[in-house]
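A short reminder: the numbers here are calculations on the coordinates, not readings from a lab. Computed from a predicted model, the values in this text were never measured in an experiment. Glycine also receives a Cβ, built like all others from the backbone with ideal geometry; neighbour counts cover every protein chain displayed.
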Amino acid sequence: MTNPDTAVNNYFLNYQIREDQSPMNNTLEPVTMGKNLNMGVGLHSLENNTLKARITYRRLRIKDTSLTGNKPEDNLVGRIEHSLRAFNGFFTTSTNFEIGSGLEPRREFTYIEVAKGQGVYTWTDYNENNVKELDEFEKANFNDQADYIRVQRPSGEYYKTHTNELNQIINLKPQQIIRDTSKFKKLIARFSDQLAFSIRRKNRQKNNFVKNLNPFAYSINNPLVLSQNSNIRNTFSLNKNNPLYTVEYIFRKSKNKMLLMNGTDLKTKNNQALQATWNITPTLTFENKAGIEKEHYSSEYFQNKNYRLKRLNESLSFLYRPFSSFRIEFEYEYSAMDNRAGEEKANKHQIGTQFNYSKSKKFRIKGSFSFIHYQYGFPEDTPIAYQILEGLKPGRNGTWNLVFQKELYKNLELNLNYSGRVSQNHNAFHTGQVELRANF
């Protein structure tokens, strides 16, 4: 049952029955029976309001357990999309919600060595036994360290799961409804807020229909939750998109849980930052950013990699654009880091510059140079030291990068990339890459 496609609002409804049979004793015997109910709706007639929904409910029943290994099950799959614009644009929202079911594998990873600089991970022999163990691989911070890739090996162990995914964006813009010219209301009109939230969760199938629909029904630490990826970001702005100055308070929080053969890995990040941007002149911009970041990593199996890191950050930068094809930026950053799960602490001072110069339809060149000093008086060859020092060493460090891009002929592009780094009492590392790219 459905209505014409030309209607402003749309809907459909249908019901299907499927019976599978298998040969037995020269006859066909019923094995399973599946019943599907499909329904959907699309509402477009409401002013500033749109709703689309599609839901499928499937019930599987077993007629003869001797002919199949399947089990009776009830599955619900659906998607809902909704958008709203209210109060003349003061409040806008966009929502996407999906439910489903599937299989979640227990992941098992291995690391494979590739051509130097062509990988993603680096290996550090923390215990000096010359054996490449799984807890000795980290994401590489520099090209000369990236010698390994991570591949997933099939474990053969799967769990039936219910899946929830919710994406939500909310915007508040007081300037859309404030027309009063009083100083207080004009000040309120300068503020705005945007909230973006997403969560994707897979939990082990249990016969609890309501909880399976609710994306917030389980804590991430609940053993029924096999994997989860959630992010929330809120930006509270003063003078957003103002050509003179902007101030923003940014809150971000993320959680990630992964099911592995040796247990679960859980990583959370919590970041708060206050950022001010001032366009002093049309060619000179000043930016100040201060923040607090908390990062927590917990592994059931590799407990030597667990940490609870707190960072205090302060950065200043000046951006100079004398003309449209050239820009150069000077910046200073200070960070104080403390591992709350151990005794490791560090202070970081970084001074750097980066530039970008391009000539239309001819070439583009960009580069960056940084001097970085770490105060760190703890063992260097540990996973937490790699996290805190970001792949560098205590004391004085230098990093640099230079990229040259040129269009040779229509859709043919040449890229030259040179990067390097050096640490106190260590030799310098230099890496060069040549890339010829054809765009079709």
On a full-extension model of 0.36 nm per residue, what is the gain between F109 and Q375, subtracting their alpha-carbon distance, rounded to one decimal in nm?
92.3 nm
Placed amide H near A140: partners under 5 Å, 5+ positions off or other chain:
Y121, T122
Members of K116/K361; K139/K160; K253/K310; K132/K294 lying beyond 24 Å, as alpha-carbon distances in this model show:
K116/K361; K139/K160; K132/K294
Given a cut-off of under 8 Å on Cα pairs at least six residues apart, what relative contact order in percent is computed for the range 292-433?
15
Taking the Cα centroid of the range 152-176 and of the range 52-78, what is the distance between the two, rounded to the nearest whole Å?
23
Let's see if you can work this out: charge +1 on each Lys and Arg Cβ, -1 on each Asp and Glu Cβ, no other charges. What is the dipole magnitude of the range 262-440 about its Cα centre, in debye to the nearest 20?
720
Going by C-beta contacts inside 10 Å, put E81, E136, E113 in order with the fewest on the left.
E113, E81, E136
Provide the gained length on full extension for the span S83 to M261, in nm with one decimal, where the gain is 0.36 nm per separating residue minus the Cα-Cα distance.
60.0 nm
Choose one answer from N427, N164, N356: the residue with the largest mean-square fluctuation in a GNM of the chain with alpha-carbon springs under 10 Å.
N427
Quote the FRET efficiency, to the nearest 0.05, computed for K139 versus S219 with a Förster distance R0 of 35 Å and r equal to the Cβ-Cβ distance.
0.80
Is the chain rounded, prolate or oblate when judged by the Cα gyration tensor, a ≥ b ≥ c being the square roots of its eigenvalues, rounded requiring a/c under 1.5 and prolate requiring a/b larger than b/c?
oblate
Which ³J(HN,Hα) values in Hz, rounded to whole numbers, follow from the phi angles of the range 91-108 under the Karplus curve 6.51 cos²θ - 1.76 cosθ + 1.60, where θ = phi - 60° and Gly and Pro get x?
10, 10, 8, 9, 10, 10, 9, 10, 10, x, 8, x, 10, 10, x, 6, 7, 9
Percent RCO, i.e. relative contact order, over the chain, from Cα pairs under 8 Å lying at least 6 residues apart:
7
Measuring from label point to label point, each 7 Å out along Cα→Cβ, what is the N10 to I250 span in nm?
3.9
What share of Cα pairs, in percent, lie more than 20 angstrom apart in the range 1-71?
52
I99, I328 arranged by Cβ crowding within 10 Å, fewest neighbours leading
I328, I99
Taking Cα centroids, how far is the range 4-30 from the range 97-135 in Å?
44
Förster radius 60 Å - calculated FRET efficiency between E47 and N127, Cβ distance, rounded to 0.05
0.35
Averaging sequence separations of C-alpha pairs under 8 Å and six or more residues apart, then dividing by the length of the range 362-417, give the relative contact order as a whole percent.
43
